[in-house]
Amino acid sequence: MNKEQCFQLGYVAKVHGLRGEVVIVLDVDYPEEYEDLEHLFLDQKGRMVPFFLEHFVLQPGNKVLAKFEELDSLEQVEGLVGSEVYLPLTALPELNEDQYYYHELIGFEVEDESKGLLGPVEVIYDMETQDLLGVKHQGKEILIPIQDGIITKVDKAAKKVYCQLPDGLLDIYLED
């Protein structure tokens with residue numbers, strides 16, 4: 001399993017108690033869709049390492065109390081703190097036709113209703129304050145906020161993202 005075949009579910013935030021439990025912070029909209037997990041992957045020095053779960057109990061605030069099989073002490077799990085937690089892309093829940101996962105947008109063409117075709121989505125920036133599309137336009141990277149009102153429609157069949165850029169946004173990136 002490599003990282004390209006996975007999505008980040010969250011990260012190990014801290015150790016809980018002395019018996020090998022950890023708190024995992026989930027970066028998902030619906031944590032309850034993942035409460036029956038039997039295993040997950042942790043990024044360990046760039047390698048995706050599988051960990052099997054004894055329990056995975058949802059807590060308030062997108063947190064989970066987790067216990068990995070065969071890790072029964074504080075010392076065995078404290079090195080996992082800070083590790084990114086992943087699942088295979090195949091574990092993503094099915095979405096409605098009008099919904100999408102950000103990773104699906106890579107390679108989609110972006111079209112602004114007044115400026116026309118801008119270019120392809122090359123990267124998604126998952127920032128703490130807001131998520132952004134990184135779009136290649138005239139040899140430069142344009143950052144487009146993923147917000148209602150700016151992203152007006154995503155057509156998965158046509159592989160297009162339609163947007164209505166705020167006045168002046170494109171000009172900021174095209175100035176020398």
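What follows is calculated from the coordinates using simple rules that are stated; it is not laboratory data. Computed from a predicted model, the values in this text were never measured in an experiment. Cβ coordinates were reconstructed from backbone atoms using ideal geometry, including for glycine residues, and neighbour counts include every protein chain displayed.
At an R0 of 25 angstrom, the distance between the Cβ atoms of residue 19 and residue 62 translates into a FRET efficiency of 0.60. Within the chain, antiparallel bridges make up roughly 90 percent of the DSSP beta bridges whose residues both belong there. Through the Karplus equation 6.51 cos²θ - 1.76 cosθ + 1.60, θ set to phi - 60°, convert the phi angles of segment 108-120 into ³J(HN,Hα) values in whole Hz; use x for Gly and Pro. Those phi angles translate into 5, 7, 9, 10, 8, 5, 10, 8, x, 5, 9, x, x Hz.
Given the peptides 74-84, 89-99, arrange them by the average over their residues of other C-beta atoms within 10 Å, most packed first.
Ranked from most to least packed, the peptides come out as 74-84, 89-99.
Across the alpha-carbon atoms of segment 1-75, the computed radius of gyration and Dmax are 12.1, 34 angstrom. Between segment 127-176 and segment 34-83, the C-alpha centres lie 35 angstrom from each other. With the charge dipole of the chain set up from +1 on Lys and Arg Cβ and -1 on Asp and Glu Cβ about the Cα centre, the Cα lying farthest toward the positive end among the listed residues 79, 145, 121 is that of 79.
Annotation: the antiparallel percentage among DSSP beta bridges lying fully within segment 102-174 is about 80. Relative contact order of the chain, taken over Cα pairs closer than 8 Å and 6 or more residues apart, is 17 percent. Every Cα-Cα pair in segment 28-176 was counted, and those over 23 Å apart are 51% of them.
Please identify which residues in segment 79-117 have an amide N closer than 13 Å to a label point set 7 Å out from the Cα of residue 30, following the Cα→Cβ vector. Within reach of a label on residue 30: 92-101. In a DSSP loop and with at most 10 other Cβ atoms within 10 Å, the trypsin sites (Lys or Arg not before Pro) in segment 11-84 are 45. Converting phi to 3J(HN,Hα) with the Karplus coefficients 6.51, -1.76 and 1.60 and the offset θ = phi - 60°, segment 166-175 yields x, 3, x, 4, 5, 4, 4, 7, 8, 5 Hz in sequence order, with x at every glycine or proline.
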